[in-house]
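Reviewing the structure listed below.
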Amino acid sequence: HKWDADRALNQQQKAYLEQICIEWLQKYVQYGKETLERRVPPAVTLRHKKARGSADTEVVCHVTGFYPRAVEVTWVRDGQVQLEDRVQSGEVLPNQDGTYQLRKILTVSPEEQGRHSYSCQVDHVSFTERQNYIWDPNMRSSSDGGSPIGLIIGVIVGVLALVGVIVGVVAWKKKQGAPKNYNPARTNDGSDTSSDNSAKA
């Protein structure tokens, strides 16, 4: 009988290794591939404010919600000259949803503002070509016309769906692992501890 039991156990382990384990590995590889190949385009917003203690204007190019992390953001004058002077570059920072954001601030004097046009160029792997966002000094703020609200809603829906799947898998595994025959514990007097106390009332 012990040999039969060992044989049955070996058959179960063989089935696990040859079927279930391989299926799970394939799923993990697919999930990893989707993560590595994930492409999320950034939302770009331009806004400006007066610099402290001067007549200069600070123009912020805010690039956010992009994935993967690598991105190139450049301030350009008159569509040709790439600017490095008077440009403050922040670090690429993570967002809570796993995407990234970056800010680059250009300082423009009143004289320069009247003579030149300025634009923020963004290059990211999610774009088919480099995007150009022109700053309009007459507007309070300008953007690419897109709204990050759609991206935020999409991320929230995705996260909720993922949580639902995880909860479902955990509940299913607990159900599979739970004992099928349940016998309530008995007290010393032989009564069931699971008896309804309301019956005594």
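The values are calculated or read from the model by the stated rules, or taken from the named source; none is laboratory data. Since this is a predicted model, take the numbers as computed values, not measurements. Methodologically, a virtual Cβ is constructed for each residue, glycine included, from the backbone with ideal geometry; neighbour enumeration extends over all protein chains shown.
Within region 54-73, the set of residues being under 18 Å from residue 89 (Cβ atoms) and outside any loop (DSSP other than H, G, I, E, B) comprises 57, 58, 59, 60, 61, 62, 63, 64, 66, 72, 73.
Step by step: first the residues of region 98-125, then only those that are of a type in the set (D, E, K, R) and touching a Phe, Trp or Tyr at 6+ places or on another chain (Cβ under 9 Å), then the one that is nearest to residue 83 (Cα to Cα). Which residue is that? Please lay out each step first, then the result.
Here is the first cut: in region 98-125, the ones of a type in the set (D, E, K, R) are 103-104, 111-112, 115, 123.
From what's left, touching a Phe, Trp or Tyr at 6+ places or on another chain (Cβ under 9 Å): 104, 112.
On the way: 104: 11, 112: 13 Å.
My answer is 104.
Residue 59: surrounded by 18 or more Cβ atoms within 10 Å (Cβ to Cβ), touching a Cys at 6+ places or on another chain (Cβ under 9 Å), under 14 Å from residue 130 (Cβ atoms) and at pLDDT 95 or above, yes or no? Taking the combined requirement at face value, the residue does not satisfy it.
For region 83-129, the set of residues classified as over 19 Å from residue 55 (Cβ atoms) and free of Cβ contacts under 8 Å to residues at least 12 places away in the same chain consists of 84, 91, 93, 94, 96, 128, 129, listed by residue number.
Of everything in region 80-106, what is assigned to a strand (DSSP E or B) and crowded, with 17+ Cβ neighbours inside 10 Å? Give them in sequence order.
Of region 80-106, the ones assigned to a strand (DSSP E or B) are 81-83, 87-89, 93-94, 100-106.
Residues satisfying the conditions are 100, 101, 102, 103, 104, 105, 106.
Okay, residues lined up against (1) under 23 Å from the mean Cα position of the chain (by Cα); (2) more than 13 Å from residue 45 (Cα to Cα); (3) outside the structural domain of residue 61 (by TED's automatic domain parsing):
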residue	(1), (2), (3)
92	yes, yes, no
96	yes, yes, no
104	yes, no, no
115	no, yes, no
118	no, yes, no
128	yes, yes, no
133	no, no, no
138	no, yes, no
